[in-house]
1. Just to be sure I understand the model, the point goes 7 Å from the Cα along the line to the Cβ. What's the resulting LEU101 to ARG243 distance in nm?
2. Could you compute the FRET efficiency for GLU425 and ASN397, with r as their C-beta to C-beta distance and R0 at 51 Å, rounded to 0.05?
3. Expressed in nm to one decimal, what extension gain is obtained for the pair VAL260 and THR374 from 0.36 nm per residue of sequence separation less their Cα-Cα distance?
4. Just list whichever of LYS114/LYS371; LYS54/LYS85; LYS152/LYS371; LYS85/LYS215; LYS153/LYS215 have alpha carbons separated by over 24 Å in the model shown.
5. What are the ³J(HN,Hα) couplings of the range 90-104, residue after residue, when phi is run through the Karplus curve with 6.51, -1.76, 1.60 and θ = phi - 60°? Round to Hz, x for glycine and proline.
6. Sort GLU182, GLU172 from largest to smallest accessible area, using a 1.4 Å probe on the heavy atoms of the protein chains.
7. Only Lys, Arg, Asp and Glu count, each charged at its Cβ (+1, +1, -1, -1), so figure out the dipole size of the range 77-137 about its Cα centre, rounded to 20 debye.
8. Computed over the Cα atoms of the range 197-292, what is the ratio Rg over Rh, Rh following Kirkwood?
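The values are calculated or read from the model by the stated rules, or taken from the named source; none is laboratory data. Computed from a prediction, not measured in an experiment: that's the story for all the values here. Reconstructed Cβ throughout: ideal geometry from the backbone, glycine too, with neighbour counts over all protein chains shown. Each accessible area value is taken on the protein alone, full model and side chains, heavy atoms only, with ligands, DNA and RNA left out. Shrake-Rupley method; radii C 1.70, N 1.55, O 1.52, S 1.80 Å.
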Amino acid sequence: MVHHPASSRLERARPAMMLNDDASPPPKNGGAARETEGYSNPVDPSLSRPFRFKARPEDFIVEELPLDVEEPDPSGTHVWFEMEKRGISTPDATRRLARALNRQPQEIAFAGRKDAVAVTRQRMSIEHVSIDELLSLSLDGIQIRNPYRCRKKLRVGQLAGNRFHLRLTGVEEETRDRLADELASLQRTGVPNAYGDQRFGRGGGGMALGRALVKGTPMEYLQCLADECARGPQTEAAHELLRRIREGNPSELRRATELVRSLTDDLRAVARTLARRRPDDLGELVRAVPQRSRSFHLAILQAKMFNEVLERRVADETFATPLVGDIVRAANGRHSELMELPAPITGPSDGPSEASGETIVTGPIWAADMKAATGVPGEIERAALEAEGLTPADLANPGGLRPRGARRPLTAALGGALTEEWRDEAVWIAFDLPVGSYATVVLDELARRVSGRD
């Protein structure tokens, strides 16, 4: 049985939870305290909410639920450890840790990305490092706990899900019971499994990167990377790197490494490749961007197309109801088989969840080899792809990647729902979600139901 520290905190008496009431705002580099940060409603943006979610790190606690925990092995070369971070994204945390250890960020493995504007706890691993060195690190906003040696590296996706603890404010006393009832109802029915706004980056920058990677020229993709740098202190170096790529003479190209210190990790790799190889094919510079970053940029575009399909199915009230031609997943475990539904299912449905033992309707994570739905569901899926001006062949080898198609449930199962006592117009709620599902989407659906907008 896994022990969850934050779960214990929720189960203790209310005064023990008051540390958040007097918490100071997060530092500027962690994102100022803002109402509804990363809080979207993909179906009805005009929805009035019966509560506020102020996304300070102290109001948003995320704990990773482990899967396939490796047994300690003193002879192992990999060190697994728990990281607690506050107001920092997972990629930024790995960069800070890598700098402190004089290593590269890609050497640090993690199972999944966690929110930046939150207090999050997750597992990581790194090879060939001293446990004493790890424990001796002093990093602002980061704590390292429980390191131990293993024989294997932590893999992406090697987690069962996440447990979320959120503090809602502006809650009328009479609303508290409705909140508890509707959260329990969502545990029975599941929620639309949309990607939250966090997935798409600040100001849509992530979408621009995904589109440029798949359909743009190498220069357009590199320009998008530089535009992301324009939000930070690396602006001048990023633009100078682009100038050298476009028009630099051989001497300037050889000296591109002089820009490295002022560039982001993604563009550092580009600068080093430019200096070493001075390629005629700019696609080589795109392929120099770390694979982890290119894969994430592609995933942003895939997520948008998935959300388009889900939005249409929610509007049609069919996102939890299998239709002829749907690809469904049998709820018999993480690696369930996919099948095409041969005939319509009749009868009432409360919106199946994986915990219910029913089949789950899935939507597309598009790639060239993805098994697409047929019939009306297939038409909806193809329309989302065509709206981006894409064909499956465009996703065969974007930016040197070879993505594999996948199917994502249109419904997310919600478990372990808890609602704490109401106090001073605030209440804590907690729940578990599967890998890749978003707490902010649960808040959208909860707000809709509490407001009587089912």
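1. 3.8 nm
2. Working: r = 54 Å, r/R0 = 1.05.
Once rounded, the FRET efficiency stands at 0.45.
3. Here the segment from VAL260 to THR374 would lengthen by 36.1 nm.
4. LYS114/LYS371; LYS152/LYS371; LYS85/LYS215; LYS153/LYS215
5. Result, ordered by residue: 4, x, 5, 5, 5, 5, 5, 5, 4, 4, 5, 9, 6, 10, 8 Hz.
6. Putting GLU182, GLU172 in descending order of accessible area: GLU172, GLU182.
7. Once rounded to the nearest 20, the dipole reads 280 debye.
8. On the Cα set of the range 197-292, Rg over Rh gives 0.96.
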